[in-house]
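What follows is a single structure, written as structure tokens, with notes after it.
Read-outs throughout are calculated quantities, based only on the coordinates presented, and are distinct from any laboratory measurement. All values reported here derive from a predicted model rather than from experimental measurement. Every residue, glycine among them, receives a Cβ derived from its backbone with ideal geometry; neighbour counts consider all protein chains shown.
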Amino acid sequence: MTVEPQLAIRRPDAARFAVEADAAAALFLAARRAAMPWLREVHGDEETRAWMRDTVFPHHSVWLAEQDGEIVGLATRDGAWLANLYVKPDRAGRGIGSALLARVLAESAAVTPVLRLHAFARNAGARRFYERHGFVPTAQGDGSGNEEREPDVRYERPTRG
């Protein structure tokens, strides 16, 4: 029997800001590439690291999932929007995404009555995940509203109840 290491959901450590932002960017890139190999990459790795370091970490509500000292998941919220939710590809399906989402929903209840997100229409795994967690589709986009030019679906879920 394999025992999973203890999962900690925590805020970024200010003393390790650059290291953790880079680790989160690497996780973001790896998770997107594994789940959506068909997705057009509009930003290079270095540009993505700069975005994580200069925009996401300072301006979003950021939660990290950590096991054995390794960042294995990332969730970020920008107001009423779940902006990012990614799990390291080799750790998918182990409840990490659900734990991160639960933390974001709990935090969001004090800020907004509804949490919103966009998922790419072709990302069936993400869509199933969000629908299992109570999100309902409210609109469809043709891709003109995102950098990847990929059709997407807008989801919403009440933050309370």
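For the chain, adding -39500 (n - 2.57) for each run of n ≥ 4 DSSP H residues and dividing by the number of residues yields -9500 deg cm²/dmol at 222 nm. Each DSSP beta bridge with both residues in the chain is either parallel or antiparallel, and the antiparallel ones are about 95%.
For segment 1-137, the relative contact order works out to 24 percent when only alpha carbon pairs closer than 8 Å and six or more residues apart are counted. Using the Cβ atoms and a cut-off under 14 Å, what net charge is assigned to the surroundings of Phe120, where Lys and Arg are +1 and Asp and Glu are -1? That works out to +2.
Extension gain, Asp90 to Ala30: 0.36 nm times the residue separation minus the Cα-Cα distance gives 20.6 nm. Going from the fewest other Cβ atoms within 10 Å to the most, the residues Met36, Met52 appear in the order Met36, Met52. Each listed q (0.13, 0.19, 0.20 Å⁻¹) maps to a log10 I(q)/I(0) for segment 1-89 from the Debye sum over equal C-alpha point scatterers, namely -0.42, -0.88, -0.96. Normalised by residue number, the volume inside the convex hull of the Cα atoms of the chain is 122 Å³ per residue.
Net length available on complete extension from Val19 to Asp142 is 40.6 nm, with 0.36 nm assigned per residue and the Cα-Cα distance removed. Calculate the length of the line joining the C-alpha centroid of segment 29-86 to that of segment 111-161, in whole Å. Distance between centres, Cα-based: 16 Å.
Taking 0.36 nm per residue of sequence separation and removing the Cα-Cα distance, the Glu131/Val111 pair yields an extension gain of 5.0 nm. Can you pull out the GluC sites (Glu not before Pro) in segment 80-161 whose DSSP state is coil and whose Cβ has at most 13 other Cβ atoms within 10 Å? Passing sites in segment 80-161 are Glu147.
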